[in-house]
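Have a look at the structure below, then the notes.
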Amino acid sequence: MGRINRDNPSPSMFVFANQPSLANQFIAELRDVSVQKDRLRFRRNLERLGELIAYEISKTLPYHNVKIQTSLGVAETQLPLRQPVLATILRAGLPFHQGFLNYFDQADNAFAGAFRGYVVGEENFEIAMDYISCTDLSGKTLVLTDPMLATGRSLEKVYHALLRYGIPAQTHVAAIIASPEGVEFLQSRMPECHLWIGAIDDHLNEHYYIVPGLGDAGDLAFGEKV
């Protein structure tokens, strides 16, 4: 598998870290071990990045002209033709998802429970999925979110499970931190999807965690699992 070009990604992928913006500040705080101790700020930074990415995705949606009656006259503007369907993977995806929902506040929502089902040690695992709730996706815009894009296997499994509820007209996949391996995996398995990535890191380690990454986003947001 060839290495992706972080500085010149494919036309179907937008990487926020490739240009100066507030996204870099929010990502830096997510990574910083001293800031991570504040769970409220960690969750809020996930949410703020969801808002930023939602705004960028909104530029790609279909719009229509409308007239708005004000107290002094009529204003003409363009409004989205329809809201997308927002889907996320539990549990780390919840604050990130909330950022999208803050902007697409009339959107339908979908949720899936997917996690690493360990078989023999941490190096040999499969993705287990024990929950899914979804609206009709036929002909709609789907926005699938997960803060960490490591191997890409969770996102791929959830995406193809969601297709049982209809084929979207277009699909956007959003993540905050990604590995090159995960990006390449999704581009090969889900080429029809547009990727929105906060930053692409160096590599996956032997346990399939992103390096330098930021740690376990779910644990940092909600507490360690037992």
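Considering the range 189-205, and only residues there that are of a type in the set (A, V, I, L, M) and in a strand (DSSP E or B), the residue that is surrounded by the fewest Cβ atoms within 10 Å (Cβ to Cβ) turns out to be 204.
Do we have any residue at all in the range 207-217 that's out of contact with any Cys (no Cβ under 8 Å at 6 or more places or on another chain) and among the aromatic types (Phe, Trp, Tyr)? The answer is yes; a qualifying residue exists.
All of 194, 203, 207 fail the test of being free of Cβ contacts under 8 Å to residues at least 60 places away in the same chain and not charged (D, E, K, R), apart from 203. Screening residue 17 against (1) in contact with a helix residue (DSSP H, G or I) (Cβ under 8 Å, 6 or more places away or on another chain); (2) aliphatic (A, V, I, L, M); (3) over 30 Å from residue 133 (Cα atoms); (4) open to solvent by 60 Å² or more (accessible area, probe 1.4 Å) leaves a single unmet condition, (4). Taking the criterion of being part of a helix (DSSP H, G or I), surrounded by 13 or more Cβ atoms within 10 Å (Cβ to Cβ) and among the hydrophobic types (A, V, I, L, M, F, W, C), the residues of the range 29-64 that qualify are 30, 42, 46, 49, 52, 53, 54, 57.
For the range 152-167, which positions are buried (at least 23 other Cβ atoms within 10 Å of the Cβ) and not in a helix (DSSP H, G or I)? Listed by number, the list holds a single entry, 152.
One residue stands out in the range 1-14 among those that are modelled with pLDDT under 95 and within 21 Å of residue 54 (Cβ to Cβ): the one that is surrounded by the fewest Cβ atoms within 10 Å (Cβ to Cβ), namely 11.
Screening residue 186 on (1) assigned to a helix (DSSP H, G or I); (2) within 23 Å of residue 58 (Cβ to Cβ); (3) open to solvent by 10 Å² or more (accessible area, probe 1.4 Å) shows it passes everything except condition (3).
Could you tell me whether the range 133-151 includes any residue that is hydroxyl-bearing (Ser, Thr, Tyr) and surrounded by 24 or more Cβ atoms within 10 Å (Cβ to Cβ)? Give the derivation first.
First, the residues of the range 133-151 that are hydroxyl-bearing (Ser, Thr, Tyr): 133, 135, 138, 141, 145, 151.
Adding the requirement that they be surrounded by 24 or more Cβ atoms within 10 Å (Cβ to Cβ) leaves 145.
Within the range 133-151, one or more residues are hydroxyl-bearing (Ser, Thr, Tyr) and surrounded by 24 or more Cβ atoms within 10 Å (Cβ to Cβ).
Can you pull out the residues in the range 77-94 that are assigned to a helix (DSSP H, G or I) and either open to solvent by 10 Å² or more (accessible area, probe 1.4 Å) or without any contact (Cβ under 8 Å) to a residue 24 or more places away in the chain (or both)?
We begin by selecting, within the range 77-94, every residue assigned to a helix (DSSP H, G or I); these are 93-94.
Passing the criteria: only 94.
For residue 104, the test of being hydrophobic (A, V, I, L, M, F, W, C), closer than 16 Å to residue 146 by Cβ, buried (at least 19 other Cβ atoms within 10 Å of the Cβ) and modelled with pLDDT of 95 or more is failed.
The values are calculated or read from the model by the stated rules, or taken from the named source; none is laboratory data. If you're wondering where the values come from, they're calculated on a predicted model, not measured in any experiment. Neighbour counts are summed over all protein chains in view; Cβ atoms, including those assigned to glycine, are modelled from backbone coordinates with ideal geometry. Surface accessibility is based on the protein's heavy atoms, side chains included, excluding ligands, DNA and RNA. Shrake-Rupley method; radii C 1.70, N 1.55, O 1.52, S 1.80 Å.
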